[in-house]
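Working notes, structure below.
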Amino acid sequence: MGCCNSKNGESSATRLARWRSTGIVALRDSKLKAFPNEVLDLEKSVRTLDLTHNRLVEIPTEINKLINMQRLILADNLIERLPMNLGKHQSLKVMMMDANRLTTLPDELGQLVRLEQLSISGNLLTSLPETLGSLRNLVLLNVSNNKLSSLPESVGSCYSLEELQANENQIDEIPASVCNLVNLKSLCLNSNNVQKIPTNLLKACRSLQNISLHSNPISMEQFQQMEGFQDFEARRKRKFDKQIDSNVMISSKGLDEGVDL
């Protein structure tokens, strides 16, 4: 464990009083190599913890003392794993772990039933736990820039999901269960190996306004022949309030030059 030095010279007591009063602990760019003990001592007072851009390698199990924490932001560190007692954070709504060194996620992730935003882009993940489907309040899921070869079938149980970002992975097929996501508005899978998508996707996902499949083997012709394509196009045009230039959309390389479908 470690402690942190104030950048503006305020005393430790003053800093702790401020954190306890506001519920916000922000220690971005503080060159921390270890989780600060003084933060853990705040226990129930912490609602937001932001330790972005430090040198943290691990998250201590004692973080479960922060039982009222709603936002955990640990992007741009060196963290290799999440604690196994992660599920104890029943108040957590936002978790951002982008640009770390995570290789796996614990099954306990599914216990975070109030989670609304999960962003874990820029890690080393090769798979996601099936328990992901227990996150029924999840609105945003960003797993871009990992090493995923697939998305779990259980993702279709994240019924509140509006935005799914999985760019720059090795995904070759979108699970059929995605068709259950009636609130999905944006699906981004740029730079993958997607060759086909569920035939019922455009018809079933009636809120869908944006699909982005740049740099994938799938062709524009395949996409246009899907049932529900015209309705999807109408929604997309209403959203952007402009006509789509078909000369830009259609490419011999598939959906990799100018299509944000």
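The angle separating the long axis of helix 12-22 from the principal Cα axis of greatest extent in the chain is about 40 degrees. Rounded to the nearest 10 degrees, the inclination of helix 229-240 to the longest alpha-carbon principal axis of the chain is 50 degrees.
Which FRET efficiency value, to the nearest 0.05, is calculated for ARG101 and ILE67 with the Förster distance at 30 angstrom and r the Cβ-Cβ distance? Show your work: numbers first, answer last.
Details: r = 27 Å, r/R0 = 0.89.
The calculated FRET efficiency here is 0.65.
Here P(r) over Cα pairs in 5 Å bins from 0, in percent was computed from the coordinates, and among (i) 1, 6, 13, 19, 21, 19, 13, 6, 2, 0, 0; (ii) 1, 6, 12, 16, 18, 17, 15, 10, 4, 1, 0, 0; (iii) 1, 6, 12, 16, 16, 13, 10, 9, 7, 5, 3, 1, 0, 0 the match is (iii). For region 177-192 versus region 18-45, the inter-centroid distance based on Cα atoms is 36 Å. If you find the alpha carbon centre of region 57-88 and of region 113-151, how far apart are they in angstrom? Value for the Cα centre distance between the two parts: 16 Å.
For region 173-189, the Karplus equation 6.51 cos²θ - 1.76 cosθ + 1.60, evaluated at θ = phi - 60°, returns couplings of 8, 8, x, 4, 5, 4, 5, 7, 7, 5, 9, 5, 10, 9, 10, 10, 9 Hz by residue, with Gly and Pro reported as x. Modelled spin-label separation between ALA234 and TYR159, with each label point placed 7 Å from Cα along the Cα-to-Cβ direction: 2.7 nm.
Please go through the residue pairs LYS44/LYS88; LYS33/LYS93; LYS33/LYS147; LYS65/LYS88; LYS185/LYS237; LYS33/LYS88 and name each one whose alpha carbons sit more than 20 Å apart in this structure. Before the final figure, lay out each step's value.
Values: LYS44/LYS88 13 Å; LYS33/LYS93 26 Å; LYS33/LYS147 26 Å; LYS65/LYS88 9 Å; LYS185/LYS237 14 Å; LYS33/LYS88 24 Å.
The answer is LYS33/LYS93; LYS33/LYS147; LYS33/LYS88.
What is the extension gain from LEU124 to ARG55, computed as 0.36 nm multiplied by their sequence separation minus the C-alpha to C-alpha distance, in nm to one decimal? Length gained between LEU124 and ARG55: 23.1 nm.
Projected over all directions and averaged, the alpha-carbon convex hull of region 107-197 occupies 4.8 nm².
Coupling constants for region 40-53 follow from the phi torsions by the Karplus curve (6.51 cos²θ - 1.76 cosθ + 1.60, θ = phi - 60°), and in residue order they are 4, 5, 6, 6, 5, 6, 7, 10, 10, 10, 10, 10, 4, 6 Hz; glycine and proline get x.
Each principal axis of the Cα cloud of region 150-221 was evaluated for its coordinate range; sorted largest first, these ranges are 27, 24, 18 Å.
Annotation: aspartates and glutamates with alpha-carbon distance below 15 angstrom to LYS203 (same-chain offsets under eight excluded): GLU227, ASP231, GLU233.
Farthest towards the positive end of the charge dipole of region 59-215, among the residues ILE59, LEU125, GLY110, is the Cα of GLY110, using unit charges on the Cβ of Lys, Arg, Asp and Glu. Cα extents for region 72-149 along the principal axes, largest to smallest and rounded to whole angstrom: 25, 24, 22.
With each run of n ≥ 4 DSSP H residues scored as -39500 (n - 2.57), what mean residue ellipticity at 222 nm is computed for the chain after dividing by its residue count and rounding to the nearest 500 deg cm²/dmol?
Roughly -3500 deg cm²/dmol at 222 nm, from the helical runs in the chain.
Computed from the coordinates by the stated procedures, all read-outs in this text should not be read as laboratory data. None of these values were measured; they are calculated from a predicted model. As a convention, Cβ positions derive from the backbone with ideal geometry for all residues, glycine included, and neighbour counts pool all protein chains shown.
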